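What follows is one structure encoded as structure tokens, with my remarks underneath.
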Amino acid sequence: MTVIIFTLILFIGAISAGFIGSLSGLGGGIIIIPLLTVFLGVDIHYAIGAALVSVIATSSGSAAAYVKEGITNMRLGIFLEVATTTGAVCGALLSTMIPTAAIAVVFGLTLIFSALNAIRKKEEHIVEHSSTLAVTLKLPGSYPAHNGEIISYGTKNIVGGFSMMGIAGLMSGLLGIGSGAFKVIAMDTIMKIPFKVSTTTSNFMMGVTAMASSVIYIQEGYVQPEICMPIVIGVLLGAMGGAKVLVKTDPKKLRLLFAFLIIILGLNMIYNGINGKI
């Protein structure tokens, strides 16, 4: 395979990854890594390095819009980043020590979990009374509703959410994904933050988490410009296209369709990992 053909396949695959990731809400890394490892035979460490760079790019672009709209809780995100960045560095270091087959199996299981979490019924949590620790750290906030009303919300279970964020960072550094499913669980389920705030704050955090772990991959030589460049451009274009389609279609049906596809990819990664093909 020539360099031009390899780059073209990467670029087209990255557009598809950004498109599917945007519609499913799971990010492009979940498609990029199977594409590189299973279909193109790239070492999983180089695939993770490229996926982390794409997470940084997409998170930086979309997070700015959410911050401007006043939905993202920046103070909460910065506080929780202490846990995610610590976990991300540990995950990146762990990735360089364990067998690639084990990483593939863990990645496959994480894909399945993320896909199932993406299609679960989301219930809005509005907590009026915050915990003492949340008030001390000034983590409660507010966000604008569609009708212009400002909705205030409280925060609970700070320690539990902080701990889950450490796990999210660990998975991000180990697997090269945004770990949005784990971050949303930490904020939405454990800390009882409104779903809209938890998803946008998670997006705000992803780029910083990926940046922390990518330093390790850069030092190890796993971030290759010839792989990263077409992926970053393609994922950004695909994500922009997916955002436009999402406005005009039923998101529930799309998430169900792509969740099924992601589960298939997850099972494929597990199969290849167990059989030592990755």
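Observations, loosely collected:
- Among (1) buried (at least 21 other Cβ atoms within 10 Å of the Cβ); (2) under 18 Å from Val82 (Cα atoms); (3) at pLDDT 85 or above; (4) not acidic (Asp, Glu) - the single one Ile193 does not satisfy: (2)
- Only helices (runs of 4 or more DSSP H) whose full extent lies in the range 149-260 are considered here, and the ones with at least 1 residues that are more than 14 Å from the chain's Cα centre (by Cα) and without any contact (Cβ under 8 Å) to a residue 60 or more places away in the chain are 158-175, 195-219, 225-248.
- Residue pairs whose Cβ atoms lie under 9 Å apart, separated by 6 or more positions or on different chains, with the first residue in the range 61-72 and under 15 Å from Gly141 (Cβ atoms) and outside any loop (DSSP other than H, G, I, E, B) and the second hydrophobic (A, V, I, L, M, F, W, C) and at pLDDT 65 or above, are Tyr66/Phe204; Val67/Met74; Val67/Phe204.
- Looking only at the range 141-164, and only at residues there that are within 12 Å of Ile193 (Cβ to Cβ) and of a type outside the set (Gly, Ala, Ser), the one that is surrounded by the fewest Cβ atoms within 10 Å (Cβ to Cβ): Ile151
- Leading residue by the ranking (farthest from the chain's Cα centre (by Cα)) among those in the range 77-99 that are surrounded by fewer than 18 Cβ atoms within 10 Å (Cβ to Cβ), under 18 Å from Ile278 (Cβ atoms) and in contact (Cβ under 8 Å) with a residue 12 or more places away in the chain: Thr96
- The residue list Ala210, Ala186, Ala168 contains one member that is hydrophobic (A, V, I, L, M, F, W, C) and either surrounded by fewer than 23 Cβ atoms within 10 Å (Cβ to Cβ) or touching a Phe, Trp or Tyr at 6+ places or on another chain (Cβ under 6 Å) (or both), which is Ala168.
The values are calculated or read from the model by the stated rules, or taken from the named source; none is laboratory data. Not measured: the values here are computed from a predicted model. Cβ: placed from backbone, ideal geometry, glycine included. Neighbour counts: every protein chain shown.
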